[in-house]
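Data first, discussion second: the structure below is written as structure tokens.
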Amino acid sequence: KQEVTQIPAALSVPEGENLVLNCSFTDSAIYNLQWFRQDPGKGLTSLLLIQSSQREQTSGRLNASLDKSSGRSTLYIAASQPGDSATYLCAVPSNDYKLSFGAGTTVTVRA
Amino acid sequence: EPEVTQTPSHQVTQMGQEVILRCVPISNHLYFYWYRQILGQKVEFLVSFYNNEISEKSEIFDDQFSVERPDGSNFTLKIRSTKLEDSAMYFCASSILAGRGETQYFGPGTRLLVL
């Protein structure tokens, strides 16, 4: 059974600092890993999907790395802004149909 | 860009009542999913659906839940007799195909509150 863990659960940084969010998974036989953003009481916004054949995926200030062998992914957010304050979730496919989600890291960027 | 849409955005119901949550998946997608997120907890898989059949369901998806594709565009989740613990955000998702390499696209969610 795929278990997904995100550490830390919460993070508070001053504006401009780089953010490092961690995601680990127990079954390394994954095909991809997806990072989502969730604002309070809102839906899931897909940020990045990184395929198992990739080591990194970039979108603007966001960079996701994937190390399948160690069961880890890291989301880097450069030069954080107050608008980056949200909960960030990672998810991996557990089988052909089901995504397993981490509990998320709640980020607060202080102005 | 095509999106998954869900209605209503919020629903309040009394315990024991039936609710139907509606979703319009992306038009060329063939696989449809429901997930839920109880406040403060992880997003959990409920069910996947393809070709008018359930392809997989979780242990949460018991007899009080059902899914249907009543026409060519809508995908619904029915909760027959709601309980307090059904209060959650319900997300619909769709994908072109199934498989661990496929991307699931999520809707904005329906927040269900059972009183």
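Tabulated results
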{"read-out": "Label point 7 Å beyond Cα of B:Thr103 along Cβ direction - residues of the stretch A:31-48 with amide nitrogen under 20 Å", "value": "A:31-39, A:43-48"}
{"read-out": "Residues A:Tyr88, A:Tyr31, sorted so that the one with the fewest Cβ neighbours within 10 Å comes first", "value": "A:Tyr31, A:Tyr88"}
{"read-out": "Ranked list, fewest to most other Cβ atoms within 10 Å of each Cβ, for A:Lys98, A:Lys42", "value": "A:Lys42, A:Lys98"}
{"read-out": "Which of B:Met89, B:Met15 has the fewest Cβ neighbours within 10 Å, and the rest in rising order", "value": "B:Met15, B:Met89"}
{"read-out": "Inter-label distance, nm, simple model (7 Å from Cα along the C-beta direction), B:Ser66/A:Ala10", "value": "4.3"}
{"read-out": "Cut-off 16 Å, label 7 Å out along Cα→Cβ of B:Ile20, residues of the stretch B:70-87 by amide N", "value": "B:70-82"}
{"read-out": "Range of Cα positions in chain B per principal axis (Å), largest first", "value": "37, 30, 28"}
{"read-out": "Radius of gyration and Dmax over the Cα atoms of the protein assembly as shown, both given in Å", "value": "17.6, 50"}
{"read-out": "J(HN,Hα) series, the stretch B:28-34, from Karplus relation 6.51 cos²θ - 1.76 cosθ + 1.60, nearest Hz, glycine and proline x", "value": "9, 7, 10, 10, 10, 9, 10"}
{"read-out": "Cut-off 10 Å between beta-carbons: net charge of the residues surrounding B:Glu56, Lys and Arg +1, Asp and Glu -1", "value": "+1"}
{"read-out": "Part-to-part distance (alpha-carbon centres) for the stretch A:39-96 and the stretch B:18-63, which is given in Å", "value": "23"}
{"read-out": "FRET efficiency estimate (nearest 0.05) - Cβ-Cβ, A:Thr45 to B:Ile54, R0 25 angstrom", "value": "0.35"}
{"read-out": "FRET efficiency estimate (nearest 0.05) - Cβ-Cβ, A:Asp96 to B:Thr7, R0 22 angstrom", "value": "0.20"}
{"read-out": "Label-to-label distance, nm, for residues given as B:Asn74 and A:Ser59 (7 Å Cα→Cβ offset)", "value": "3.1"}
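Throughout, read-outs are computed from the coordinates displayed, never taken from laboratory work. This structure is a prediction, so every number in the text was calculated from the model and none was measured. When we count neighbours, we look across all protein chains shown, and the Cβ atoms used for this are built from the backbone with ideal geometry, even at glycine.
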